Amino acid sequence: MTQHVVVIGGGQNAEHEVSLASAAAISRALRSSGHTTSEITIGRDGLWRHHQTPLGSSVISSMAEALAVVDQADVVFPAVHGPRGEDGALAALCELAQTPVAGSGLRAGAVGMDKWTTKLVAEAVGIPTAPGCLIRADEAPDVEFDTAVVVKPASAGSSYGVTLARDAAELRQAVRTAARYDQRILIEELVHGREIDVAVLREADGSRWAPPPLEIHTNGLFDTATKYDGSARFSVPAELGSRDRAALIDAALSMFDALGCSGVTRIDFFLTGAGPVLNEVNTMPGMTAESQVPRMFAAAGVTYADLVSRLVAGASCPGLPAR
């Protein structure tokens, strides 16, 4: 069944350009599958635009005019990564507008975006995470260096503000870097292990499944530069024994269910000698055809266009009957 889908890209955060790329790819794929699309972009200034035409002269007026476009949609696909998008903000707006959304709802987005809260959920369901602590940007970090630590904003994506610190001086600088993106900062012990991503998809019938996991190969920290400069190498399917593969997929499904995710979610792990250690959760992961999630589904025989169409078919509005 073809539908009218409003695809929202851009956003008011460091992942603006990445979100534009995801939104453009999603729109092309939907049109290739016979859907009708309308494109809305949220500018860095907070103003909303429809097919590049400005909507209103203020943030509130442009949002109001954008809602008139949303009102004509069967489904909204919020392809905005990071804060004020992936964190459940757009899902909440769609829920208030009683419009089905492709992807996770407010609760899963908000909890999944907050790395500290995600750690608490993981530990509650028995999934190990790196030992760490949460501080505020104006607090002096009190960390003993038995090992290097990774410093990251509690709520940010694409590894923006993530730094490795090996001593007190590097730690102070790392906290200043993370504070550019969030005033809540997570400090974690460096985990030595293979970096493995697992994607989980909830289909329209409510079933959820994971395609073959992907492994990230880098010469150091998988930071923002490494993510986008082409130096990282991905292998999918990751070379895993049956026990490790099952442990990773079981942990990913447990996190997906514990957070109440919908649509597609990417769960990132370190695979250590003791098993999987959760790194983070992405409820609106990168969605160009070259991104990690589509690569994993391609390995399972699901094309990019089919994946995007499945996300639209599975769109829902919590508390409301399907349209």
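Quick notes on this one:
- Any chance Ser309 is among the polar types (S, T, N, Q), at pLDDT 95 or above and either surrounded by 17 or more Cβ atoms within 10 Å (Cβ to Cβ) or part of a loop (DSSP other than H, G, I, E, B) (or both): yes
- Within region 162-180, the set of residues being touching a helix residue (DSSP H, G or I) at 6+ places or on another chain (Cβ under 7 Å) and free of Cβ contacts under 8 Å to residues at least 60 places away in the same chain comprises just one member, Ala165.
- Filter result for Ser38 (touching a helix residue (DSSP H, G or I) at 6+ places or on another chain (Cβ under 8 Å), in contact (Cβ under 8 Å) with a residue 40 or more places away in the chain and more than 16 Å from Gly85 (Cβ to Cβ)): no
- The combined condition, being modelled with pLDDT of 90 or more and not in a strand (DSSP E or B), is fulfilled by Gly126.
- Members of region 249-275 found to be assigned to a helix (DSSP H, G or I) and touching a helix residue (DSSP H, G or I) at 6+ places or on another chain (Cβ under 8 Å), listed by number: Met255, Ala258, Leu259
- Criterion applied to Ser207, Ser158 was being among the hydroxyl-bearing types (Ser, Thr, Tyr), under 30 Å from Arg245 (Cβ atoms) and at pLDDT below 95, and the one residue passing it is Ser158.
- Flag for Val293 being more than 24 Å from Glu17 (Cβ to Cβ), hydrophobic (A, V, I, L, M, F, W, C), outside any strand (DSSP E or B) and at pLDDT 95 or above: no
The values are calculated or read from the model by the stated rules, or taken from the named source; none is laboratory data. Computed from a predicted structure; not experimentally measured. Using ideal geometry, Cβ is built from the backbone for each residue, glycine included, and neighbour counts are taken over all protein chains shown.
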